[in-house]
Amino acid sequence: MNILNVDGVSLAFGGVHALRDVSLSVAEGTITAVIGPNGAGKTSLFNAISGFYRPQAGRVYLEGSDISRTGPPRRAALGLGRTFQNIALFRGMTVMDNVKLGAHVRTRTGPLAAMFYLGRARREEVRIRSEIEREVFDFLEIDHIRRSPVAALPYGLQKRVELARALAMRPKVLMLDEPVAGMNREEKEDMARFILDVKEQWGVTVLMVEHDMGMVMDICDQVYVLNFGQRIAGGPPAEVQQNPDVIEAYLGADDMTTLRERLRGDRGAA
Amino acid sequence: MRIGSPKETYAADESLFRTRTQWVWFGILLLSLALYPFVANLYWLFLACLICINIISATGLNILTGYTGQVSLGQAAFMGVGAYTVAWLDNNATTPFILNLLAAGVMTTLVGLVAGLPSLRVKGLYLAIATIAASFILQFVFINWESVTRGTRGINIQPPQLFGMEFDNPDTFYWLVVPVTVLMVILAANLFRTRVGRAFIAVRDRDISASVLGINLPLYKLMSFAIASFYAGIAGGFYAYFFGSINPESFPLLMSIFFLAAIIVGGLGTILGSILGAVFMTLTPELLRYGVDVLEPFVQDASALLSPVRTLVFGLLIVGFLLFEPHGLAEIWRRVRRFFHLWPFRN
Ligand SMILES: Nc1ncnc2c1ncn2[C@@H]1O[C@H](COP(=O)(O)OP(=O)(O)OP(=O)(O)O)[C@@H](O)[C@H]1O
Ligand SMILES: [Mg+2]
């Protein structure tokens, strides 16, 4: 069953067509990648799905219901979690508070209850605190930094904290915009393992944008390729990497062998 | 030197004061507040009451401006709404003091919600200007709605009564205003242990990614305006009772700037900052007055200089803190504390 459907989405900024009639579907319980050269429209697609941008045409469906007219906060509450290409953590806050913010959609305390911090407010705080500790921090191995201010952390850990925050939302679909960009090899391998575990242990559907072809080929079930705002291919990774249009888009030339190599396994390339 | 303290439960780790030392200090603070009236003279009690009123208002403004990032120059006018609410009830109804004060808070909350509406469309400087506009409109209402406010003649308020006692002097008033201030500061601190407070900070720091986390921006901006106004209303209500008379000039724009200065000097986005800032800014003019008294014999018309010098000093303090100590007195205090925690092993 498809948990997320994007149907004929077009998005233009003035004269720039970021997305042209893009459709794709994400099957529940899979990892789906969106790849494409720089400026292809991948982040724009994410923004259209999470509700930042209002596409001029097309619809987005989550679990079969049309969310095209729904605002970002409501989409989050319906089960869309995401991370950003350039980390969007709250830099002044601790890791703990950042991740707790992820649990915002799952909690109910209002201002009056919060100020008196009695009964429900208190129970809710303690509950999400222990859930985060047990489920998210243990899983992502970040217990030791829970009290650190985010700004003080190295880049790779910040990416992990952002993933933690998205997981604390208990999303149905987790959207990751370049989760391993800028990481070293070891960090990339850790992240790939976490993403696989998110799918397998948490049962969360993952949709990710990634330039690292090695990782895409390794962990994804389905790949879509964007180029100049258009979807030029879609299918299982093995199939997509044979697609001549894709190869052309990536190279802009027909140097097939080098490209195949790049698409197949070069983990360092971004 | 103090070392880390292991926590047994998450609940303990989530509490307002995390270490025993913090509880002890809080106890000492309460005790000092209780003993203060027995050692202070009337003048110092007067100042203490004034400081409390200012702490309440500054705490409210800090929630809105420091924590939620919505700059407001309406806090004094909002206090005016609270003060006039109390004044009207005092003159036209026989409701008890506590009820009047709550009514002031609720009334101001409603006005603040309306005044906060521009925050849904504009931010930063434009929002600040919108709140100045709101101040002027309120000022206009204070002057011209004569049947309620008695216009420029002003309006008198009887001293509050509770349990048959009359609180007509700083030495008695102290016992009303201090407990309420402590309570309201604790309520504000609690806010930031929960999702509501975190959402405020999220709105301030990155409102885009806040919305992806499911935070309803308009809702939380208005909520912040509402809470800040409630605090202003309570502070204004106390103000009316404390001074016994108010008029439209009691709540000028300059007073809003005073509160903005207080939270900048004290520390934006910290509870402690609101307290330190209010104390500091209330005492600064007194210090200046003292300086003028000393200069009086030597300088001609020294007292005429007081008002312009005070404005100048406020301005300098704002600029100076923004430039050199943007996290305010609260940060200085933190540094001092850290020094003593590690002392004598490191400095
Ligand atoms: N807010 C915006 N305003 C104007 N143009 C935009 C905006 N966002 C994206 N674009 C344009 O839309 C096109 C697609 O950009 P997008 O960020 O979606 O690409 P991308 O595939 O994510 O690229 P990258 O791999 O570099 O992250 C680009 O030409 C970009 O300049
Ligand atoms: Mg991008």
In region B:20-64, what residues are open to solvent by 10 Å² or more (accessible area, probe 1.4 Å) and within 14 Å of another protein chain (Cβ to nearest Cβ)?
-> none
Among (1) closer than 25 Å to residue A:180 by Cβ; (2) among the β-branched types (Val, Ile, Thr); (3) within 16 Å of ligand 2 (Cβ to nearest atom) - the single one residue A:16 does not satisfy = (1)
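Condition check: in contact with a Lys or Arg (Cβ under 7 Å, 6 or more places away or on another chain), away from ligand 1 (no atom under 16 Å from the Cβ), modelled with pLDDT of 95 or more and open to solvent by 20 Å² or more (accessible area, probe 1.4 Å). Does residue A:185 satisfy that?
Details: in contact with a Lys or Arg (Cβ under 7 Å, 6 or more places away or on another chain): yes; away from ligand 1 (no atom under 16 Å from the Cβ): yes; modelled with pLDDT of 95 or more: no; open to solvent by 20 Å² or more (accessible area, probe 1.4 Å): yes.
So residue A:185 fails the test.
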Give just the number: which of (1) away from ligand 1 (no atom under 16 Å from the Cβ); (2) within 14 Å of chain B (Cβ to nearest Cβ) does residue A:54 not satisfy?
-> (1)
With the condition kept exactly as written, say whether any residue in region B:173-184 is touching a helix residue (DSSP H, G or I) at 6+ places or on another chain (Cβ under 6 Å) and either facing chain A (nearest Cβ under 10 Å) or closer than 18 Å to residue B:65 by Cα (or both).
-> yes
Given A:151, A:168, which one is touching a residue at least 60 places away in the same chain (Cβ under 8 Å), among the hydrophobic types (A, V, I, L, M, F, W, C) and surrounded by fewer than 16 Cβ atoms within 10 Å (Cβ to Cβ)?
-> A:151
Condition met for residue A:156 (at pLDDT below 95 and either surrounded by 23 or more Cβ atoms within 10 Å (Cβ to Cβ) or at positive phi (or both)) = no
Count, please, the residues in region B:193-205 that happen to be open to solvent by 20 Å² or more (accessible area, probe 1.4 Å) and touching a helix residue (DSSP H, G or I) at 6+ places or on another chain (Cβ under 7 Å).
-> 4
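In the set B:312, B:323, B:260, B:272, which member is within 25 Å of residue B:47 (Cα to Cα) and either out of contact with any helix residue (DSSP H, G or I) (no Cβ under 8 Å at 6 or more places or on another chain) or not in a helix (DSSP H, G or I) (or both)?
Working: B:323 fails: within 25 Å of residue B:47 (Cα to Cα); B:260 fails: either out of contact with any helix residue (DSSP H, G or I) (no Cβ under 8 Å at 6 or more places or on another chain) or not in a helix (DSSP H, G or I) (or both); B:272 fails: either out of contact with any helix residue (DSSP H, G or I) (no Cβ under 8 Å at 6 or more places or on another chain) or not in a helix (DSSP H, G or I) (or both).
Criteria check complete, one pass: B:312.
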Is it the case that residue A:39 is modelled with pLDDT under 95, near ligand 1 (Cβ under 8 Å from one of its atoms), of a type in the set (Gly, Ala, Ser) and more than 22 Å from residue A:204 (Cα to Cα)?
-> yes
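Here are some residues: A:132, A:142, A:67. Which one is open to solvent by less than 30 Å² (accessible area, probe 1.4 Å), of a type in the set (A, V, I, L, M), free of Cβ contacts under 8 Å to residues at least 24 places away in the same chain and more than 7 Å from chain B (Cβ to nearest Cβ)? Walk me through it before giving the result.
On the way: A:132 fails: free of Cβ contacts under 8 Å to residues at least 24 places away in the same chain; A:142 fails: free of Cβ contacts under 8 Å to residues at least 24 places away in the same chain.
The conditions single out A:67.
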Of the numbered conditions (1) over 15 Å from the mean Cα position of the chain (by Cα); (2) within 13 Å of another protein chain (Cβ to nearest Cβ), residue B:252 fails exactly one; give the number of that condition.
-> (2)
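Name the one entry in B:71, B:81 that is touching a residue at least 40 places away in the same chain (Cβ under 8 Å), outside any helix (DSSP H, G or I) and not polar (S, T, N, Q). Quick ask: steps written out before the conclusion?
Values: B:81 fails: outside any helix (DSSP H, G or I).
Unique residue meeting the criteria: B:71.
So that you can scan it fast, the table gives a plain yes or no per residue for (1) more than 24 Å from residue A:218 (Cα to Cα); (2) more than 16 Å from ligand 1 (Cβ to nearest atom):
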residue	(1), (2)
A:29	no, yes
A:44	yes, no
A:61	yes, yes
A:64	yes, yes
A:74	yes, yes
A:79	yes, yes
A:83	no, no
A:93	yes, yes
Selection count, region A:16-27, where residues are buried (at least 16 other Cβ atoms within 10 Å of the Cβ) and within 16 Å of ligand 1 (Cβ to nearest atom) = 6
Can you name every residue in region B:142-154 that is open to solvent by less than 50 Å² (accessible area, probe 1.4 Å) and either at pLDDT 95 or above or of a type outside the set (A, V, I, L, M) (or both)?
-> B:142, B:149, B:151, B:154
Where a residue in region A:92-116 is more than 7 Å from chain B (Cβ to nearest Cβ) and over 14 Å from residue A:149 (Cβ atoms) and its partner, wherever it lies, is hydrophobic (A, V, I, L, M, F, W, C) and outside any helix (DSSP H, G or I), with Cβ under 8 Å and at least six apart = A:103/A:169; A:106/A:169
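The values are calculated or read from the model by the stated rules, or taken from the named source; none is laboratory data. Here the structure is a predicted model, which is why all the values come from computation and not from measurement. Virtual Cβ from ideal backbone geometry, glycine too; neighbours counted across all protein chains shown. Ligands, DNA and RNA are excluded from the accessible area calculation, which covers all protein heavy atoms including side chains. Shrake-Rupley method; radii C 1.70, N 1.55, O 1.52, S 1.80 Å.
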